[in-house]
Amino acid sequence: MKWTKRGPWWDLAVRVCMAVIFDEMEAEEARKAFLAAAKEEGTLLPPMTTS
């Protein structure tokens, strides 16, 4: 929760996460929202590759 830029995507991600906790949304939606928030923050890492 220590993000430096709590923009609109971060706000949405937190709300979606709460909806998942209360079984109102699927966990996949929270994952998508947090990916968008990380991209907005500039902290989204490239996908890991497996060998």
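Details
- Within the range 38-51, the set of residues being in a helix (DSSP H, G or I) and either touching a Ser or Thr at 6+ places or on another chain (Cβ under 9 Å) or at pLDDT below 85 (or both) comprises E41 only.
- Contacts under 6 angstrom Cβ, first residue in the range 28-44 being within 11 Å of D11 (Cα to Cα), partner part of a helix (DSSP H, G or I) and among the aliphatic types (A, V, I, L, M), 6 or more apart: A33/L12; A33/A13; A33/V16; F34/A13; A37/A13
The values are calculated or read from the model by the stated rules, or taken from the named source; none is laboratory data. What you are looking at is a predicted structure, and each value in this text was computed from that prediction instead of being measured. Heads up, the Cβs are rebuilt from the backbone with ideal geometry, glycines too, and the neighbour counts pull from every protein chain shown.
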